[in-house]
Amino acid sequence: MTVLTTSTASKVVKIDTFKGSRPDRPLYIYLPAGYGDDPSLAYPVIYMQDGQNCFDTFIHDSFAHSTWQADRTADLLIAKGVSHERDIWGQDVAHDWDWWRQQVVHHLGKTFG
């Protein structure tokens, strides 16, 4: 697992080999600043396709070295009080949402529990 921290103390985590019933692939997860400080807090989740293109933190994984900057945008909106904290999950390339929803619930507890 690779973890890079942005300047606002949020993190983007890359699970290099996300295991499931389909071929293994990377999973990228944005965690807002303070994530995990209070175990009783639950964060809403935004699911995005093409995880390799979602986060500026992992621009070297993106197509054509250009990203959607979801991590920077989330940090900016939180800092301006426009949005509250949330997780953003982006799975690499595959677009099988029914399978992905089942796997995320299963693996979240194993990885961050």
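Quick check: net charge around ILE59, other residues with Cβ under 13 Å of its Cβ, Lys/Arg +1 and Asp/Glu -1?
Value of the local net charge: -1.
Count the net charge of all other residues whose Cβ sits under 15 Å from the Cβ of SER83, scoring Lys and Arg as +1 and Asp and Glu as -1.
So the surrounding residues net to -1.
FYI, it's all coordinate maths here, none of it is from the lab. None of the values given here were measured: they were computed from a predicted structure. Don't worry about glycine lacking a Cβ; one is built from the backbone with ideal geometry, like all the others, and counts go over all protein chains shown.
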